[in-house]
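One structure is given below, encoded as structure tokens.
The values are calculated or read from the model by the stated rules, or taken from the named source; none is laboratory data. Just so you know, these numbers come straight off a predicted model, no measurement behind them. No Cβ is skipped: glycine too gets one built from the backbone with ideal geometry, and neighbour counts run over all protein chains shown.
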Amino acid sequence: MSKPPLDLQIDDLVQTRKAHPCGGDTWRIVRLGADIGMRCETCGRKIMLPRAECERRIKRFVRRANDA
């Protein structure tokens with residue numbers, strides 16, 4: 001039995017388990033779908049990850065989009 005997908009929303013800020021090479025570990029969700037688009041808050045680099053890999057990398061939510 002698999003877990004339901006993580007409830008991600010555009011503009012969520014997430015912290016990843018490993019830091020980006022620039023030193024930042026905080027990312028903004030910029031695209032949703034089968035692939036998740038994320039932008040590094042430190043250097044601005046954009047990456048696309050398959051949803052399953054993205055969910056494994058997320059450590060915690062820093063700020064949810066609907067909290068703003």
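Couple of notes before you dig in:
A quick yes/no check of all residues on (1) over 10 Å from the mean Cα position of the chain (by Cα); (2) modelled with pLDDT of 95 or more; (3) surrounded by 10 or more Cβ atoms within 10 Å (Cβ to Cβ):
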| residue | (1), (2), (3) |
| --- | --- |
| MET1 | yes, no, no |
| PRO4 | yes, no, no |
| ASP11 | no, yes, yes |
| GLN15 | no, yes, yes |
| THR26 | no, yes, yes |
| GLY37 | no, yes, yes |
| ARG45 | yes, yes, yes |
| MET48 | no, yes, yes |
| LYS59 | no, yes, yes |
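- Candidate set from region 26-65 (those that are of a type in the set (D, E, K, R) and not in a strand (DSSP E or B)); member that is nearest to ILE10 (Cα to Cα): ARG64
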